[in-house]
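The values are calculated or read from the model by the stated rules, or taken from the named source; none is laboratory data. Owing to the predicted nature of the structure, the values given are computational and were not obtained by experimental measurement. For neighbour counting, all protein chains shown are included, and Cβ atoms are generated from backbone atoms with ideal geometry for every residue, glycine included.
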Amino acid sequence: MGFNECVEGIVGKRFAMPTYKILQYYPENCPQKISGNHPVLPFAFGPLLAGSPIYSVSMNPIELSLFVSRMEAVCDEMGVVLRRTAFSPNIKDRLDFSCALFDARGELCAQAAHIPVHLGSMAFAMADIVARFEWCKGDAVVLNDPYLGGTHLPDVTVVAPVFVDDKLQGFEVNRAHHANIGSDTPGSMPITSSLEEEGIVISPQYLLRAGELNTELWRSLAPIHGQSDNFHLSGDMAAQVSSVKTGVRRMQELVTHLGVARFADGLSALNAYGERVALACLKELPPGTYAFEDVMDDDGLGHTDIAIRVTLEVTEETITVDFAGTDPQVEGNINCPLPVVAAAVYYVFRCLMPDYAPACAGLFRPIQLSAPEGSIVNARPPAAVAAGNVETSTRIVDVVLGALEQALPDRIPAASQGSMNNIAMGARQPGNTWDYYETLAGGHGGGPQHAGLSARHSHMTNTLNTPVESLEMHYPIRVNRYEIRDDSGGAGQHRGGDGLVREYEFLKPAQLSLQTERRRHAPWGLQGGKPGSCGSNQLNDSPLPGKTEINVTHGDLLTIATPGGGGWGSEAKS
């Protein structure tokens, strides 16, 4: 195949770059113009930086781009396997899972476009996890401990090593949300004051050792999988193991094809390029200090208006994100372990970077994070954290965006809905045992160039809604209403997106838990835009708190109205 044919065969959205002046380099004997007027270099990774090396030792830009695409394809395939083999609607319908690939040191190499709060926290914590074990072929480690690399207990992580020629080359990792993690409250999102109340805590340990199931661990997980006498992997946990095993095989094929030395060189070149992209993005930020603060509505146990404060220190080479002044950790479960905070910070800066920026460790090297120990954004164990992963992480995004707006007023949107609107429900009765959990979409904030999207998940969640048909087929619930909440977005030159309304009718008695935010403090607007509407929770037309646990009976109606996004710009300019 000739050069032109090869290039034309790989044109796709990864390689479609904006048309602007760039530093161009054409390999020897390469035509200087190819089909579609795409220059060679933007095909690979977009514009290079002046003075930066163009080739790695053994890979030119096109080869490096294909190398990254193959690793991302491994992550995508892991996700497909997990979705197709899982049993729960939480994974197979809502897609509440993530897959990623790490090198032998635990540094991020590639990830699929899954859940930001999963992926960023894995990138932050994986090096510590992999250093804890003596790895061999056939191993799989499982964990959910938020203080040892997890996020909150329902998010279970499986890690499997990749060996080629008896040498460790990297790790395949997935993380998936389990609606039953052993909590006394169905759905495993209770109102709690300590970690042990939230379910079974799995410290990092072998699930498989050299391919053999850890039966002692599996027996201890019986409250989750419900098979105390069956020592065979089953259900969603088996789906996670199948997923990482698929990733291991594909990575072995890739490393064998390239050779160990060339694979290692590709990883080095990838991280060097990712760091250059991050530094180029950083140069768009005016050097200076930018601060912002916002509050959490409450912790569900009587503490209100819990402040999160951030200060950004921007230089040409680093950006320091400092949460000094944030309120101390609280009794309720809106506390965050540090990896969750890192995930939120990484997400914001990833949004500022171009589409072609590779998801790798090098991309985040210029970002320095500081959070006071014992605060709500760096809690000490055994603080409860179930809602910190879902609600507090979203508010962290809000405060970092609020600070960045002072540096980039023409790029940053108003606040989005600011909640995942967590609903957990189920029953623990003979003949009526079930667990269900979902999050609900809301309004996006309006931006400098556009109105906010309506009824969409935003920021730290990237899940789908559970289809009504699937929900009604699996559980004793009927969905009576599911509609856009008109005019809930903030007014402005560019309106905030509208939230949604979802009404559930319970067909059997159940326990219900709600973990929601922006019920008291509305998503803020920018540049004269108005705030979005607060959300609301009602049972049989009577208001419910933002965070609560209640029993419901046959015929009860739960109505959730999610917040709208803030507006951007003065309405007079619209």
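A few comments on the model shown:
- Among (1) of a type outside the set (Gly, Ala, Ser); (2) surrounded by fewer than 21 Cβ atoms within 10 Å (Cβ to Cβ); (3) under 20 Å from Asp298 (Cα atoms) - the single one Val377 does not satisfy: (2)
So that you can scan it fast, the table gives a plain yes or no per residue for (1) among the small types (Gly, Ala, Ser); (2) out of contact with any Pro (no Cβ under 9 Å at 6 or more places or on another chain); (3) at pLDDT below 95:
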site: Asn432; (1), (2), (3): no, no, yes
site: Ser454; (1), (2), (3): yes, yes, no
site: Pro467; (1), (2), (3): no, no, yes
site: Ser470; (1), (2), (3): yes, no, yes
site: Arg478; (1), (2), (3): no, yes, no
site: Tyr482; (1), (2), (3): no, yes, no
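- Here Asp298 meets the list (1) surrounded by fewer than 18 Cβ atoms within 10 Å (Cβ to Cβ); (2) of a type in the set (Asp, Glu); (3) touching a strand residue (DSSP E or B) at 6+ places or on another chain (Cβ under 8 Å) almost entirely, failing just condition (1).
One line per residue, one yes/no per condition, for (1) surrounded by fewer than 22 Cβ atoms within 10 Å (Cβ to Cβ); (2) among the acidic types (Asp, Glu):
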| position | (1), (2) |
| --- | --- |
| Pro409 | yes, no |
| Ser416 | no, no |
| Pro430 | yes, no |
| Thr439 | no, no |
| Ser454 | no, no |
| Met460 | no, no |
| Pro467 | yes, no |
| Asp486 | yes, yes |
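- Pair list, Cβ < 6 Å and 6+ apart or interchain, from segment 433-449 residues that are closer than 17 Å to Trp524 by Cα to residues that are crowded, with 24+ Cβ neighbours inside 10 Å and charged (D, E, K, R): Gly443/Asp498; Gly446/Arg495
- Of all the criteria given as (1) closer than 28 Å to Ala100 by Cβ; (2) out of contact with any Leu (no Cβ under 8 Å at 6 or more places or on another chain); (3) modelled with pLDDT under 95; (4) of a type in the set (Ser, Thr, Tyr), the one not satisfied by Thr246 is (3).
- In segment 525-537, the residue that is surrounded by the most Cβ atoms within 10 Å (Cβ to Cβ) out of those that are in a loop (DSSP other than H, G, I, E, B) and within 26 Å of the chain's Cα centre (by Cα) is Gly532.
- Search result, residues across segment 411-447 that are in a strand (DSSP E or B) and either within 18 Å of the chain's Cα centre (by Cα) or among the β-branched types (Val, Ile, Thr) (or both): Asn422, Ile423, Thr433, Tyr437, Glu438, Gly442
- Val162 vs. criteria part of a strand (DSSP E or B) and within 21 Å of Arg83 (Cβ to Cβ): no
Condition check ((1) at pLDDT 95 or above; (2) surrounded by 23 or more Cβ atoms within 10 Å (Cβ to Cβ); (3) of a type in the set (Phe, Trp, Tyr)) across all residues:
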residue	(1), (2), (3)
His521	yes, no, no
Leu539	yes, no, no
Ser542	yes, no, no
Lys547	yes, yes, no
Ala572	no, no, no
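- Verdict on Glu253 being over 24 Å from the mean Cα position of the chain (by Cα), in a helix (DSSP H, G or I), modelled with pLDDT of 95 or more and charged (D, E, K, R): yes
- When Thr326, Thr311 are checked against the criterion of being more than 24 Å from Leu148 (Cβ to Cβ) and either surrounded by 14 or more Cβ atoms within 10 Å (Cβ to Cβ) or not assigned by TED's automatic domain parsing to the domain that holds Met189 (or both), a single residue qualifies: Thr311.
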